[in-house]
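Nothing in this text is a laboratory measurement; each read-out follows from the coordinates by a stated rule. Since the structure is predicted, the reported quantities are computational estimates derived from the model, not experimental observations. Ideal geometry is used to build each Cβ from the backbone, glycine not excepted, and the neighbour counts take in all protein chains shown.
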Amino acid sequence: MNARKIFHALLITCLIASMIACQPGRAGSGQPDGASPADTVAVDSPTVRKLIDAAIGQTEVTRYYDPAYVKIPYPGGDVPSERGVCTDVVIRAFRKTGVDLQKEVHEDMAKNFSAYPKKWELNRPDTNIDHRRVPNLMTFFKRKGKAVAVTDDAKNYLPGDIVAWDLGGGILHIGVVTNVRADGERLKFVHNIGWGARLEDILFSWKIIGHYRYF
């Protein structure tokens, strides 16, 4: 092989290597950019992988915590993607799997309004806000038979699970379990508690009051 052919071969090899190095994290892998396989837990379910990818993806988009009441379309309505509250993390992740919690919660509340909390002194459902309230999501998941045991054993909280906490003072919180390892048996969550969507180790940071496995 002459020098020109050797040069062309090396050039092609370098170009291919640089293209591979610039590829983003694979869609549906459940593995965020920058995470090695050793940092993550394998997820067999394509739906759960999609849920986790959608949750983690929000950490690059949702920068603000904004609890303002906003009128949104129905179904498929959402507040601007750069802002939201903890429930919006769950809602947006579920939508990527084909489950519209705005629609699902509203339809169940419309038929079973008395089964839902009365904290807000409403006499009928409101498609703008009902699904964005933690107590309503907890009630919906439980009514659909998706509740699983609340324990103090980290290995019982699996990728794709939903966890709700009591922060104290009547303030509730909710987040999505990912497949990214934290410490020991714990996995990290995507949640929004005041600084936008973040991927953090928070499982036992507050009192757990709800544990759900939808898929």
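When the listed pairs Lys103/Lys142; Lys155/Lys188; Lys103/Lys207; Lys71/Lys146; Lys144/Lys188; Lys50/Lys144 are checked against a 19 Å cut-off, the alpha-carbon distance exceeds it for Lys103/Lys207; Lys71/Lys146; Lys144/Lys188; Lys50/Lys144.
Positive contributions from Lys and Arg (+1) and negative ones from Asp and Glu (-1), summed over other residues with Cβ under 13 Å from the Cβ of Met109, come out at +3. Using only side-chain charges placed at the Cβ, +1 for Lys and Arg and -1 for Asp and Glu, the dipole size of the range 103-170 relative to its Cα centre rounds to 220 debye. In this label model, Tyr64 and Lys146 are separated by 2.8 nm, measuring between points 7 Å along each Cα→Cβ vector.
The calculated FRET efficiency for Ile171 paired with Ala42, based on their beta-carbon distance and R0 = 30 Å, is about 0.30. Based on the Kirkwood approach, the hydrodynamic radius assigned to the range 28-212 is 16.6 Å, with every pair of different Cα atoms included. Note on Lys96: aspartates and glutamates with a C-alpha under 14 Å away, same-chain residues under 8 apart excluded, are Asp53, Asp78, Asp88.
Summing charges over all other residues whose Cβ lies under 9 Å from the Cβ of Ala54, with Lys and Arg as +1 and Asp and Glu as -1, gives +3.
When peptides 188-198, 116-126 are ranked by their average number of other Cβ atoms within 10 Å per residue, the highest-first order is 188-198, 116-126. Full extension of the chain segment joining Trp120 with Lys96 gains 5.7 nm, where the gain is 0.36 nm per residue of separation less the Cα-Cα distance.
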